[in-house]
Structures are given as structure tokens and as C-alpha cells.
1. Please compare each pair in LYS30/LYS153; LYS123/LYS193; LYS49/LYS110; LYS119/LYS165; LYS162/LYS193 to a cut-off of 28 Å on the Cα-Cα distance and tell me which ones are over it.
2. Expressed as a fraction of 2.2 N^0.38 Å, the rule-of-thumb size for a compact globular protein of N residues, what is the C-alpha radius of gyration of region 32-88?
3. Full-extension gain between LYS197 and SER156, please, as 0.36 nm times their residue separation minus the C-alpha to C-alpha distance.
4. Give me the aspartates and glutamates in straight-line cross-link reach of LYS161: C-alpha distance below 20 Å, same-chain residues under 8 apart excluded.
5. So how far, in whole Å, is the C-alpha centre of region 55-122 from the one of region 36-51?
6. Under a crude label model (7 Å from the Cα following the beta-carbon direction), how far is ASN184 from LYS123 in nanometres?
Amino acid sequence: MNTIKVSLALVIISISSVFAQPGKKDKTPKMAPSFADGYYVSLKGDTVKGQVGISNEDETAIYRTLMFKQGSGKLTAISSKKAKSYGFEGRHFTIIPFDNAEVYIEYLVKGRINFLVYKFNGKINGEPGIEKIYFVQDTRPGDEKDKELKTLKQISQKFYKKDLKPYLKDQTQIWNDMDKFSFNETAICNSIKEFNKFYETSSSE
């Protein structure tokens, strides 16, 4: 009986050692990325065309790293030392310093007023989820005293209407019509687009 117990213990230890060997790499199959025709803009302002690699496992990856390839070349990470912005399929991103790193934020609206978002894996109501941080910028404030509005600024989702007031003050009715209590990304985008129609610009990335 004791011999059986010892043998069984040795089997358990042997099995455990197989699954706990140090240095073993995670061999979980990874989904291959998708590709979309896109571009990036170099620090010198040159536009480089190719294909952007898009993770099929983590939709927030495009906000942290630009994966890019040209022709039949290898998919590689393009550092912030080479690309200041990029885009694909009508989506456009620009790099900013944020939280002791550099990340890409996406234009939701582009014009006189820019409205942008950064997405990352976090928690929502205590559960894993994709969190969002929003930014606003006035590309050409009308008054000298408002020149600080040209600097990209993070806005609060709770007090977003108050935060947006100085940006939309030239069209007060648009600001007045915004819901004070409920943050709605689509509704805010539509309001800013309506505002921008009064200041159409031909500038591009």
C-alpha cells in the first residue's frame, strides 16, 4: 500500500514538472493580424504608403504601436522617432506624450475643432473593459486670449460640457443644445462637426 502511494506521488510530481518547467514560452496560438492600406507621416513630413497591421486580438493595440509594411516586406513596428502620425481606412491617428510614454490618439472629428480619443485596456465598473480618454483642440482660436485652446487638452466625461464651453463659445446655440448630464460620443461628434461647418478648412494631415 505504501509502495502504491509513493509511486502515485512520483507520478504527480513528474506530471507537475512538465507543466512548470522554467523558461517555457507560451505556445498559445495567436491570430494573424489583418492588413489595411494606409500611410504614416515621418518627422520630416514625408508620407510613406504601405499597409498597416491590425491586431485581431486587441483592438487597443493600434493606439500604442504602429505596425507597418511595404509591399512584400516584413511587418515591423515603426517607432515614434520615425512616425508622427498614421492612418488607414479613413481613420487618422497622431502621436502625443501621455502617461510617461508616447501613444497614438485617434481623430473622431477634424477641423477647426479637433476631437480625439485614446483607448486602452482597463476596467469598467470593476470588470475588464476598454476605457476611453478624450481630447479637444482649437486649431485656430479667434482671440489672442484664447491661444491656450490650441494646446491639446484632456476633457472629463463627467463635466465634458463645461470643458467644451470655451471651444464652442462662438456658436452658443450648439453648446446650449448639448446634453448636460449624459456623455454621448456620437452626439458630441455631431455637435462639433456642426460647429466646424462654420469654419471649413482645407488643411489636412
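1. Check vs 28 Å cut-off fails for LYS30/LYS153; LYS123/LYS193.
2. 1.04
3. Taking LYS197 through SER156 to full extension adds about 12.3 nm, to one decimal.
4. Cα-Cα hits under 20 Å: GLU131, ASP138, ASP146, GLU148, ASP170, ASP177, ASP179, GLU185, GLU194.
5. 12
6. So the two model labels end up 3.0 nm from each other.
Quick note: the coordinates plus some simple rules give every number you see, no bench work behind them. Model, not experiment: these values are computed from the prediction. Quick reminder, even Gly has a Cβ in these numbers, built from the backbone with ideal geometry, and neighbours come from all protein chains shown.
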